[in-house]
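Here you go, one structure.
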Amino acid sequence: MSKQISKDNREYWQRKLSNKFSDKKSAIQSLHQVEINEKTQKNFPIFKKRLGLEKDIVNYIKVEKDFNDYSKNYMKRLEEKREMVRKHFNKVREKIVNWSETRKSWDKYDIPSLEMDNKLYGLADSIEKYLKNQCKEETKNAFYNSKKGQELKTLDELEEEATDLLHSDMIGSEVLNQIFLIAKKTNIHMTIPQNTLKELPNK
């Protein structure tokens, strides 16, 4: 009784046969490749028509071209406008930086900066906010230095003086007495109980 080909041998010969036939077919196809390519080129329009795709593809080519043309023009216009944003913003920022060098209260590092890759810009609001803050600070300082603002300026100075006394090395009772006198200068009513003074060191 003859034995059948084993599984491993069968798989081996199957791979070998497949490779041999594939190589032979590739060799024959190579000889006729030019002719196949020419016939493919000739048959392609008929092939598309037979599939009912010819008109759809023509319509698609039109809308694709229209989209690409618009996209290229849009990107070009976008970059042109972005460059205009950069140019005009830098002009504004440069002037603000120059002014900050002559004004002590202006912090140059707080001046808004431009990030070119942003899709949208909100720098107009940032610039307005920065300038308004500086204007308010300068207006407040000018008011403090005016006759009307002198009382507020004096209050600030006396408050600072009283606060410094609390952190001084003076005797406790003397500190409270001095604070009482400062409050009196400002017409601020402040009473210090006598028992509090007695409990504080006086030497």
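Anything in segment 44-98 that is among the polar types (S, T, N, Q) and farther than 30 Å from SER126 by Cβ? List them, or say none.
Across segment 44-98, the qualifying residues are ASN59, ASN68, SER71, ASN73.
Could you run through segment 176-198 and say how many residues are farther than 26 Å from GLN150 by Cβ and either at pLDDT 65 or above or exposed (fewer than 11 other Cβ atoms within 10 Å of the Cβ) (or both)? Please lay out each step first, then the result.
So in segment 176-198, the residues farther than 26 Å from GLN150 by Cβ come out as 176-177, 191-198.
Right, trim to either at pLDDT 65 or above or exposed (fewer than 11 other Cβ atoms within 10 Å of the Cβ) (or both) and you get 176-177, 191, 193-195, 198.
So the count comes out to 7.
Checking ILE57 against (1) under 30 Å from LYS119 (Cβ atoms); (2) more than 38 Å from the chain's Cα centre (by Cα); (3) of a type outside the set (Phe, Trp, Tyr), which single condition isn't satisfied?
If we test ILE57 against (1) under 30 Å from LYS119 (Cβ atoms); (2) more than 38 Å from the chain's Cα centre (by Cα); (3) of a type outside the set (Phe, Trp, Tyr), just (1) comes out false.
May I ask you to say which residue of GLU83, GLU64 is under 30 Å from ILE111 (Cα atoms) and in a helix (DSSP H, G or I)?
GLU83
Another question, then. Residues of segment 89-117 being part of a helix (DSSP H, G or I) and among the aliphatic types (A, V, I, L, M), which ones? Reasoning before the result, please.
Quick first cut of segment 89-117, residues part of a helix (DSSP H, G or I) only: 89-100, 108-110.
Scanning segment 89-117 gives VAL92, ILE96, VAL97.
Does any residue of segment 129-150 turn out to be over 30 Å from MET84 (Cα atoms), in contact with a helix residue (DSSP H, G or I) (Cβ under 6 Å, 6 or more places away or on another chain) and either part of a helix (DSSP H, G or I) or in contact (Cβ under 8 Å) with a residue 40 or more places away in the chain (or both)? Reasoning before the result, please.
Residues of segment 129-150 that are over 30 Å from MET84 (Cα atoms), as a first pass: 136-150.
Those left that are additionally in contact with a helix residue (DSSP H, G or I) (Cβ under 6 Å, 6 or more places away or on another chain): 144, 149.
Filter again for either part of a helix (DSSP H, G or I) or in contact (Cβ under 8 Å) with a residue 40 or more places away in the chain (or both), leaving 144.
For segment 129-150, residues over 30 Å from MET84 (Cα atoms), in contact with a helix residue (DSSP H, G or I) (Cβ under 6 Å, 6 or more places away or on another chain) and either part of a helix (DSSP H, G or I) or in contact (Cβ under 8 Å) with a residue 40 or more places away in the chain (or both): present.
Right, here's the next one. Please state which of the following conditions TYR121 fails to meet, knowing it meets all the rest: (1) in a loop (DSSP other than H, G, I, E, B); (2) outside the structural domain of VAL85 (by TED's automatic domain parsing).
All conditions pass for TYR121, except number (2).
If you don't mind, another one. Determine which member of the set SER146, SER173, SER168 is at pLDDT below 75 and either within 53 Å of the chain's Cα centre (by Cα) or assigned by TED's automatic domain parsing to the domain that holds HIS88 (or both).
On inspection, the qualifying residue turns out to be SER168.
List every residue pair whose Cβ atoms sit under 9 Å apart, with the two residues 6 or more apart in sequence or on different chains, where the first one lies in segment 8-23 and is free of Cβ contacts under 8 Å to residues at least 12 places away in the same chain and the second, anywhere, is of a type outside the set (Gly, Ala, Ser).
Every condition considered, the pairs that remain are ARG10/GLN4; TRP13/ILE5.
The values are calculated or read from the model by the stated rules, or taken from the named source; none is laboratory data. Source: prediction; values computed, not measured. Note that we place each Cβ from the backbone using ideal geometry, even for glycine, and neighbour counts take in every protein chain shown.
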